[in-house]
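Nothing in this text is a laboratory measurement; each read-out follows from the coordinates by a stated rule. Computed from a prediction, not measured in an experiment: that's the story for all the values here. Glycine also receives a Cβ, built like all others from the backbone with ideal geometry; neighbour counts cover every protein chain displayed.
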Amino acid sequence: MHVIGWRVALLAAAVAVSGCGGGGSATANSAPTFGQVVPPADESESTAQIAVSGSTNTAPVTVAVSANGSAVVTTAQGVHTATLSETIVATFFSDLAEGQPLSGLPVPTACAKPVSFATTITVSTGSEVSPDLTCPASAVEQNLRNDVNSILSAVSAA
């Protein structure tokens, strides 16, 4: 894995700040493929996934965040781990709890995005998936968007 490569991909995703993507989960016995969320080793803990889609100029990024602060990041350059601060994790999981059910959050009615450069950002826990957080339609969605930005910045600096 090229260290600068994954940092550039994460920085591009954080700057694009408009994303969704990924899907599926890798299992302990299979190698992850790009776009798969790799859950932390201890699946008994609370986990949440962040998915930032790619666009013409950015590669997709997925981040599996555990309540213990561990994060598993999947980019086009591969998979790496990072440790998030207690403050970032506590805020993120508190905002996730406030937004439950994520599927019930309001969907933006107007969100102007260029077709080829637009990305989407979603967060998910279990079977609950948020609407696109690129254009937050509520205070809870804005808080989640801010959390995603903090997490992307933290894992790109790791």
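Sum up the charges of everything whose Cβ sits under 11 Å from the Cβ of Arg145, counting Lys and Arg as +1 and Asp and Glu as -1, but leave Arg145 out.
Details: positive: none; negative: Asp95, Asp132, Glu141, Asp147.
Local charge sum for Arg145: -4.
Per residue of region 138-148, what does 6.51 cos²θ - 1.76 cosθ + 1.60 with θ = phi - 60° give for ³J(HN,Hα)? Whole Hz please, x for Gly and Pro, Karplus curve as stated.
The phi angles translate into 7, 4, 4, 5, 5, 4, 5, 4, 4, 4, 4 Hz.
Hey, with R₀ at 22 Å, roughly what FRET efficiency would Asn57 and Ala110 work out to, going by the Cβ-Cβ distance, to 0.05? Kindly include the intermediate steps, with their values, before the conclusion.
Values: r = 24 Å, r/R0 = 1.07.
Step by step, r from the Cβ atoms, then E = 0.40.
Label 7 Å along Cα→Cβ of Asn146; region 75-103 residues with amide nitrogen under 19 Å?
85-100
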